[in-house]
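Report on one structure; see the data block that follows.
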Amino acid sequence: MTIEKQSIEVLSCDLKHDIFPYYLIKYQADKPLSYRNYDNIWIINTEERQFIATVRNVKDYSMELYISQEYESSMIGNIKTWLLFSPTVSIEGASEIIKLTETFPPCHYENILSYITTKDKIELQISIETHNRTMELHLFDLVENNLKNYEETNIIFQLVFSYCDNGIRVEIDSETGLNGTVICKRIIARLI
């Protein structure tokens, strides 16, 4: 999959509040960015600081982003951005989860409750404490499975989805326990 990098000039970055805080970004570019709501995008600023943002809403030459407040100062001036992953396009059931959670959960500091693997499938159950729910992730048509270290306690630091040549890369960066990378062709998610 070819991902187009786009350069934009950020004119303003203003903190706003709803259920979760977000930033209203106004920018100049050759053409408006073509992201969808809830897309995960990669951002690199002029100092080469890199981070992931989630698109809350996008309009011509403005967008609302969920980003950590530590990156606010990185959002002025020239930045490069490109699509990392679109959960509403590539995860069956993502839209239903987003209706409850406002974004597709990055699972920061959430616990993996169960991990079941077969030759062609992985099933994960992850607690979503902020909503008192559990998310089931089913990863199908495995190309590669490098997950390791499943333990009694498995705390996720960050769950990152991205596109790669062989399908969808799912990276679990953990504080403790299960971690690693899976490449699969299909994902189904649901809240239980």
Can you tell me the relative contact order of region 74-192? Whole percent, Cα pairs under 8 Å, sequence separation 6 or more.
-> 27
With label points built 7 Å along Cα→Cβ from the Cα atoms of THR46 and HIS17, find their separation and express it in nm.
-> 3.2
Out of region 15-64, which GluC sites (Glu not before Pro) are coil in DSSP terms and have no more than 10 other C-beta atoms within 10 Å?
-> GLU47, GLU48
Net charge of Cβ neighbours under 9 Å - reference LEU191; Lys, Arg +1; Asp, Glu -1 | 0
Amide proton proximity set for PHE51, modelled H, under 5 Å, gap of 5+ = ILE43
Please turn the phi angles of region 107-115 into ³J(HN,Hα) values with the Karplus equation 6.51 cos²θ - 1.76 cosθ + 1.60 (θ = phi - 60°), one per residue in order, whole Hz, x for glycine and proline.
-> 6, 4, 6, 8, 9, 7, 7, 8, 9
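Based on Cβ point charges of +1 for Lys and Arg and -1 for Asp and Glu, what charge dipole magnitude is obtained for region 1-150 about its Cα centre, in debye rounded to the nearest 20?
Details: 14 positive and 22 negative charges, 23 e Å.
Its charge dipole is roughly 100 debye.
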Given H placed 1.01 Å from N in the peptide plane, which residues other than close sequence neighbours of GLY77 have an amide H under 5 Å from its amide H?
-> VAL10
Among HIS108, HIS17, HIS138, whose mean-square fluctuation peaks in a Gaussian network model of the chain (Cα, cutoff 10 Å)?
-> HIS17
Partners for LYS185 among lysines (Cα-Cα distance below 29 Å; same-chain residues under 8 apart left out) = LYS5, LYS80, LYS99, LYS119, LYS121, LYS148
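Where only protein heavy atoms count, and the probe is 1.4 Å, what is the accessible area per residue for region 14-62 in Å²?
On the way: 2870 Å² over 49 residues.
Heavy-atom SASA per residue in region 14-62 reads 59 Å².
Ordering GLU4, GLU152, GLU102 by how much accessible area each has at a 1.4 Å probe, largest first, what is the list? The partial results should precede the final answer.
Details: GLU4 105, GLU152 180, GLU102 50 Å².
Listed by decreasing accessible area, they come as GLU152, GLU4, GLU102.
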Along Cα→Cβ, 7 Å out, is where each label goes; now give me the distance between the ones at ASP120 and LYS31 in nm to one decimal.
-> 3.9
Which percent of the accessible area of the chain is formed by carbon and sulfur heavy atoms (probe 1.4 angstrom)?
-> 45
Residue-wise, which Karplus ³J(HN,Hα) couplings in Hz belong to region 134-141, taking 6.51 cos²θ - 1.76 cosθ + 1.60, θ = phi - 60°, and x for glycine or proline?
-> 10, 9, 9, 10, 10, 9, 10, 6
Probe 1.4 Å, protein heavy atoms only - accessible area per residue of region 88-171 in square angstrom | 51
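The values are calculated or read from the model by the stated rules, or taken from the named source; none is laboratory data. Worth saying up front: this structure is predicted, and the values here are computed from it rather than measured. A quick note on method: Cβ atoms are made from the backbone with ideal geometry, for glycine too, and the neighbour counts reach across all protein chains shown. What goes into the accessible areas is simple: the full protein's heavy atoms, side chains included, and nothing from ligands, DNA or RNA. Shrake-Rupley method; radii C 1.70, N 1.55, O 1.52, S 1.80 Å.
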